[in-house]
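K.L.:
Following this message is one structure expressed as structure tokens.
Throughout, read-outs are computed from the coordinates displayed, never taken from laboratory work. Computed from a predicted structure; not experimentally measured. As a convention, Cβ positions derive from the backbone with ideal geometry for all residues, glycine included, and neighbour counts pool all protein chains shown.
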Amino acid sequence: MPNHLIRVRHGTSEGNFVREQFKSGKDGDLEFMLNQFRERPGSDWRLVPEGVEQAKAAGEWIVREVMEKYELPDLDLHRYLYSPHIRTTETAGHLDLPGAQWRKNNMLTERSWGQLENLTGDQEHEELYPENYRWMLQDPLHWTPPGGESIVQVANVKVQGVLDTLHRDHDEKGVDFAVLSTHGEWMWADLFRLHYMFSADWLTAKKDPSQKIHNCQVFHSTRLDPATGEQEPYFRWFRSVNPYRGEVEGRWRKISRPLLTNAQMIAMAQRVPRLDTHQ
């Protein structure tokens, strides 16, 4: 794999803005906004002005903290991939990375929300699709929106597809640095796949406010030990930062693939109580 992999969630979009207005109950012409929101496909949502500023801050951080710090000047060994949705396309441009030549990659598109895409939030979801809403609460990792995709499907198909592309680009063309302009749910699927997470660990992370993937959150994975510079065959270190929110360094975490003994496998299964089949 390349030495460095950067993933950036798009800046605040029109869809984010409308949903936030409904969630907060703020005054405004909500009916007018809702009509526009319903009529426009999610793939065509633009960035709001704040989203543009978020993207610029993320781009400055990538240049300063990765490209310059790790001395990555050779543009021939860089790869820039973007989801073709308008909000990710616009975000990629406003990152303003020097010399970037962006390539469309359909595997970076947002998780499909199917019939939920133009709803304003959980309340409408529960009213219109009560059984599906209960499934979401019960098993959010494997839950599928009506006509949409689950996180596991995104991880196994879309994320894996991008990783396969980057693996070939490194082996065949020497690519050592890649930037992806993508979406929040794609990045949650990326964490599940690339960090070899168990379902329980993913659910814990999803509920942890400190691990929220904000607009223009930046994920940085690397094969190079941040302390020694020693290179590993695979991504071994990871950090998550949001430059627009004032984060700079980010806490490095080591990625390890768990290898379990027989006893540990049984202990893991025993975390889940058996059904009471005796009356």
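K.L.:
Within 10 Å, count the other beta carbons around each residue, average over each peptide in 205-217, 251-263, and list them highest first.
P.N.:
Values: 205-217: 15.8, 251-263: 9.8.
Answer by packing, highest mean first, reads 205-217, 251-263.
K.L.:
Where is the GNM fluctuation largest for the chain (alpha-carbon springs, 10 angstrom cutoff): 267, 189, 200?
P.N.:
267
K.L.:
Mind putting a number on the dipole of segment 65-159 about its Cα centre? Charges go on the C-beta only, +1 for Lys and Arg and -1 for Asp and Glu, and I need it in Debye to the nearest 20.
P.N.:
340 debye
K.L.:
Give the dimensionless ratio obtained when the Cα radius of gyration of segment 35-183 is divided by 2.2 N^0.38 Å.
P.N.:
Taking the Cα Rg and dividing by 2.2 N^0.38 Å, one obtains 1.22.
K.L.:
With unit charges on the beta carbon (Lys/Arg positive, Asp/Glu negative), name the residue among 210, 221, 275 whose Cα is farthest towards the positive pole of the charge dipole of segment 188-279.
P.N.:
Positive-most Cα among the choices belongs to 275.
K.L.:
For segment 97-196, what is the relative contact order in percent, using Cα pairs closer than 8 Å and at least 6 residues apart in sequence?
P.N.:
Values: 90 pairs, mean separation 35.4, N = 100.
The value is 35 percent.
K.L.:
Treating the beta-carbon of each Lys and Arg as +1 and of each Asp and Glu as -1, no other charges, what is the dipole magnitude of the chain about its Cα centre, to the nearest 20 debye?
P.N.:
So the dipole magnitude of the chain works out to roughly 680 debye.
K.L.:
Which of the aspartates and glutamates could be linked to residue 104 by a straight reach, that is with a Cα gap under 13 Å, when you skip same-chain ones fewer than 8 residues away?
P.N.:
Leaving aside aspartates and glutamates fewer than 8 places away in the same chain, those within reach of residue 104 are 90.
K.L.:
Let me have the relative contact order for the chain, percent, based on Cα pairs under 8 Å that are six or more residues apart.
P.N.:
27 percent
K.L.:
Something else about it: Provide the per-residue ³J(HN,Hα) series for segment 68-76, in order, calculated from phi with Karplus coefficients 6.51, -1.76, 1.60 and θ = phi - 60°, each as a whole number of Hz, with x at glycine and proline positions.
P.N.:
Rounded to whole hertz, the list is 7, 5, 9, 6, 10, x, 7, 5, 5.
K.L.:
Scale the Cα Rg of the chain by the rule-of-thumb value 2.2 N^0.38 Å and send over the ratio, two decimals.
P.N.:
The chain yields a ratio of 1.07.
K.L.:
Would you grab the residues whose amide H sits under 5 Å from the one on residue 237? Only those 5+ places off in sequence or on another chain, please, with H modelled 1.01 Å from N.
P.N.:
Result for residue 237 returns 222, 255.
K.L.:
To the nearest 20 debye, what is the magnitude of the charge dipole of segment 1-156 about its Cα centre, counting +1 on the Cβ of each Lys and Arg and -1 on the Cβ of each Asp and Glu?
P.N.:
On the way: 17 positive and 26 negative charges, 85 e Å.
Computed charge dipole of segment 1-156: roughly 400 debye.
K.L.:
A further question on this structure: If you rank 268, 187, 136 by fewest surrounding Cβ atoms within 10 Å, what's the result?
P.N.:
Ordered from fewest to most neighbouring Cβ atoms within 10 Å, 268, 187, 136 come out as 268, 136, 187.
K.L.:
In what order do 192, 238 fall by count of nearby beta-carbon atoms within 10 Å, going from fewest to most? Don't jump to the answer; show the numbers that get you there.
P.N.:
Details: 192 23, 238 19.
Arranged by neighbour count, lowest to highest, 192, 238 become 238, 192.
K.L.:
Still on this structure, I have one more. Could you tell me which of 120, 91, 159 has its Cα farthest along the dipole of the chain towards the positive end, charges placed at Cβ (Lys, Arg +1; Asp, Glu -1), taken about the Cα centre?
P.N.:
The residue sitting farthest along the positive end of the dipole is 159.
K.L.:
List 71, 53, 127 from most exposed to least, where exposure is judged by having the fewest other Cβ atoms within 10 Å. Present the calculation step by step, with values, prior to reporting the outcome.
P.N.:
Numbers: 71 7, 53 16, 127 10.
So the residues, fewest neighbours to most, are 71, 127, 53.
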